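Encoded as structure tokens, the structure appears first; notes follow it.
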Amino acid sequence: MSEKYKLTTQDTGKVKEEPVPSYGQTTLQAGTTHEPVLEDLIDLSDSSRGVSENTLNRRRLRQFKENCTKELLRIICEQDFEYGFDSPADLFVRELMEQNEAVTKEWLNAIYIEQFSDIRVVIGLLQVVSHLQYPEIYPQGPTMAVAALSHANSEVRECGIRAFENWGTIESLNILRNVKCTESWMQEYLSQVIKDLEKEFGVR
């Protein structure tokens, strides 16, 4: 990942002692459109750990959105995806997962919701999450794939099925058993995936 898009501070998970800020005026980062938000005005030395952790997570998520969203969307729109090979988007997201898995998942889910009408972006995100291991992308990844199953676009619905096929878990089987497809070719594909998973887990 280009140094430009890496997070600027190391995430230690600990609350850093900071001077008490002046609340009279909040300086915004140059080039951003974000207004001052409540968590910017909270002293992170507060003894309430719950408040501090929530504040840190909001800050981290906002930092991901500001530093990484445009780059991921650019990569998805420009890449040529091939099944069986890691894409540039896969590599980009995995590097972010290494920095902060929890916030990366929330960030991906937020982009997915915001871009749900953009077929190329939605498919690209589904391909990325389907290449991650089920436990590391749970629950956001499966939730995204479930939403894809009701999308108006048939290719998006197919990607939703393919994601559960790639994860190949018993949870994937239970979800796919409750899916019906209007297209005959997709229903045949779905039925075959269900059959393969039932055979793998020895269930009927």
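The values are calculated or read from the model by the stated rules, or taken from the named source; none is laboratory data. Just so we're clear, the structure is a prediction, and the values are computed from it rather than from any experiment. Reconstructed Cβ throughout: ideal geometry from the backbone, glycine too, with neighbour counts over all protein chains shown.
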*Does the range 96-112 contain at least one residue that is within 17 Å of residue 72 (Cα to Cα) and either more than 13 Å from the chain's Cα centre (by Cα) or free of Cβ contacts under 8 Å to residues at least 24 places away in the same chain (or both)?*
yes
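Is it true that some residue in the range 122-135 is part of a loop (DSSP other than H, G, I, E, B), modelled with pLDDT of 95 or more, hydrophobic (A, V, I, L, M, F, W, C) and closer than 25 Å to residue 170 by Cα?
Pass one, the range 122-135, residues part of a loop (DSSP other than H, G, I, E, B): 131-133.
Subset that is modelled with pLDDT of 95 or more: 131-133.
Cutting the leftovers down to hydrophobic (A, V, I, L, M, F, W, C) gives us 132.
Going one step further and asking which of them are closer than 25 Å to residue 170 by Cα, we end up with 132.
For the range 122-135, residues part of a loop (DSSP other than H, G, I, E, B), modelled with pLDDT of 95 or more, hydrophobic (A, V, I, L, M, F, W, C) and closer than 25 Å to residue 170 by Cα: present.
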*asked:* Just the residues that are touching a Leu at 6+ places or on another chain (Cβ under 9 Å) and in a helix (DSSP H, G or I), please, taken from the range 168-204.
replied: 170, 172, 173, 175, 176, 190, 193, 194, 197, 198, 200, 201
